[in-house]
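Notes follow the structure.
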Amino acid sequence: MGDFPPIKIKLPDELNTPPSNSDSKEDLTNRLDLVMQRLRQWESKLDTINLNCKIKHEGFGWLNAREWFDLVGMHFRHHLRQKCELEQKFLKHSSTNLIN
C-alpha cells in the first residue's frame, strides 16, 4: 500500500545506530534539500533503468531502481508518522502536567 505497517520493528544492532543530535537545524535543512534535489535527478532516470537489475536490501530483499526510489518516500512517511506519535505523547504528557 506504499507505506510501512504501523508496527514497531526491531532492527539488528548494526543497522540501528542512533542519529547525531549535534547538527544544526540549518545543516539538517540543507541536507534534506540535497536529498530532494538528488531524488528529482534520479526520478527522471528511472524509466530508462532495466527493471530486472536489482540490488539486495537487507529487509525487503531484491529491489529494482523504481522500488528503491519508492522506498525513500515510504521511509520519510514512516519518520513523519513517528514524529506525529512523539508530538501526541508530548501533548498528552504536557496537558497531564498542567492539570496536576
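Think of it as helices only: each DSSP H run of n ≥ 4 in the chain is worth -39500 (n - 2.57), and spread over all residues that comes to -19500 deg cm²/dmol at 222 nm. Taking the chain as the reference, fit the longest principal axis to its C-alpha atoms, fit the long axis of helix 65-99 to the helix C-alpha atoms, and give the angle between the two in degrees, 0 to 90, nearest 10. Long axis of 65-99 versus the principal axis of the chain: about 0 degrees. Among the protein heavy atoms of the chain, carbon and sulfur supply 60% of the accessible surface, probe 1.4 Å, non-protein parts ignored. Holding the Cα-Cα limit at 31 Å, pick out from 25/56; 8/54; 8/45 the pairs that are longer than that. Exceeds cut-off: 25/56; 8/45.
In the full protein context, the chain carries 91 Å² of accessible surface per residue, based on a 1.4 Å probe and ignoring ligands, DNA and RNA. Computed on the chain, the Cα convex hull volume stands at 158 Å³ per residue. Taking Lys and Arg as +1 and Asp and Glu as -1, the other residues whose beta-carbon sits under 12 Å from that of residue 72 total +1.
When only the Cβ of Lys, Arg, Asp and Glu is charged (+1, +1, -1, -1), the dipole of the chain relative to its Cα centre reaches about 200 debye. Tell me the relative contact order for the chain as a rounded percent, counting alpha carbon contacts under 8 Å between residues six or more apart. It rounds to 31 percent for the chain.
The values are calculated or read from the model by the stated rules, or taken from the named source; none is laboratory data. Since the model is a prediction, treat every value here as computed from it, not as a measurement. Positions of Cβ are backbone-derived with ideal geometry, glycine not excepted, and every protein chain shown enters the neighbour counts. SASA here: full protein model, heavy atoms, side chains in, ligands and nucleic acids out. Shrake-Rupley method; radii C 1.70, N 1.55, O 1.52, S 1.80 Å.
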